[in-house]
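Peer 1: Structure in structure tokens, see below.
Bear in mind that the values in this text are calculations on the coordinates, not laboratory data. Note that the structure is a prediction, hence the values are computed from the model and not measured. Cβ placement follows ideal geometry from the backbone for every residue including glycine, while neighbour counts extend to all protein chains displayed.
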Amino acid sequence: MKTLPQIEFANAADAKAILTDLAAQMRAGSIVPYLGPGLAELSRPEAPMTPEALADFFASKVALPRWARGNAWASAQYVESNKHRSTVTALMVQAFSLPADPTPLHHHLASLPLPIIVDSWYDGAMRTALGKRSGWGEVQGITRSGSHDDRWYRFYDSAGQEVDHALAAHWSTVLYKPHGSVVPAKNFLVTDADYVEVLTEIDIQTPIPDMVKERRAGRSFLFIGCRFNDQLMRIYARQITKRSAGVHYAIVDPQVLSGNELCFLVEQRLTPLAMTLPHAMEILLAK
């Protein structure tokens, strides 16, 4: 029987002090917020906001074999293999058709001079919050399934128009959506085949945009609303933070952490800040 790693959680006062300091660093642009679907979930959207919920959505629309049930990426692969890629896209658009409202923290982040914001789910809450300001744009991971396009990502300006890298290089803030998004162009990395393509190259960083690599250099990451109980989510978190600062932080609920998540926190030397997400949001929003 595998022994789970031991991890020491800071007491409530220390966790609050650390997060208060991180909030100040974030206001100065030296911390990269890495958003998981748990943040947008606070606004109670209709869209599925976990891989498990997305798997349930696919199961409600398509009769899935047993091996695909409960796994979003396998479910999407079954749909693509037995119907068509366009069916996968149509179902993803349907799943995220009702927009998630930005939380106060989304709006706060949009107001800060952050060189980069990572958002790891398919909703458009962060884009909506950023829409009220200028000088920003978005880079999204794209599928290469059934495509002759040799690119791994595309750039979109604040109006949702695709632009080239030369124009994107001048953005003061970059929103990075590594798995794609329902807005503005319905790009989705979601099937097993999508991720096989990426995982063959991600260790050498090819699918990660150069501007992301440049802007993460020397900066710490703060994971907000993220779970690490899905292998793909762990791989992306590991690769996106590679070659950045050596210390990163994660807001976590110790009561729900799985063994895989504990191992990931230890392996990646993430400093866990044990508190509820609403409480953490209060601290991050405090002046």
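Peer 1: Return the Rg/Rh value of the stretch 119-271, two decimal places, where both radii are evaluated on C-alpha atoms and Rh is the Kirkwood radius.
Peer 2: With Rh from the inverse mean 1/r over Cα pairs, Rg/Rh is 0.96.
Peer 1: Follow-up. Output the Kirkwood hydrodynamic radius of the stretch 1-149, Cα pairs only, in Å rounded to one decimal.
Peer 2: Here the Kirkwood hydrodynamic radius works out to 18.1 Å.
Peer 1: Let me ask something else. Could you tally the net charge around Val32, taking each other residue with its Cβ under 9 Å from the Cβ of Val32, Lys/Arg +1 and Asp/Glu -1?
Peer 2: Local net charge: +3.
Peer 1: Could you put Lys242, Lys287 in order, starting from the residue whose Cβ has the fewest other Cβ atoms within 10 Å?
Peer 2: By the 10 Å Cβ count, ascending, the order reads Lys287, Lys242.
Peer 1: If each DSSP helix of 4+ residues adds -39,500 (n - 2.57) and the sum is divided by the residues in the chain, what number results at 222 nm, nearest 500 deg cm²/dmol?
Peer 2: -11000 deg cm²/dmol
Peer 1: Mind checking the alpha-carbon convex hull of the chain and giving the volume per residue in Å³?
Peer 2: 134 Å³
Peer 1: Moving to a separate point now. For the residues Ile7, Ile208, what sequence is obtained by ranking on other C-beta atoms within 10 Å, fewest first?
Peer 2: Result, fewest neighbours first: Ile7, Ile208.
Peer 1: OK, next. In what sequence do Thr87, Thr200, Thr271 fall when counting other Cβ within 10 Å, fewest first?
Peer 2: Thr200, Thr87, Thr271
Peer 1: At q = 0.15, 0.17, 0.25, 0.29 Å⁻¹, what base-10 log of I(q)/I(0) does the Debye formula yield for the stretch 48-95 when every alpha carbon is treated as an equal point scatterer in vacuo?
Peer 2: Summing over Cα pairs of the stretch 48-95 leads to -0.29, -0.38, -0.84, -1.14.
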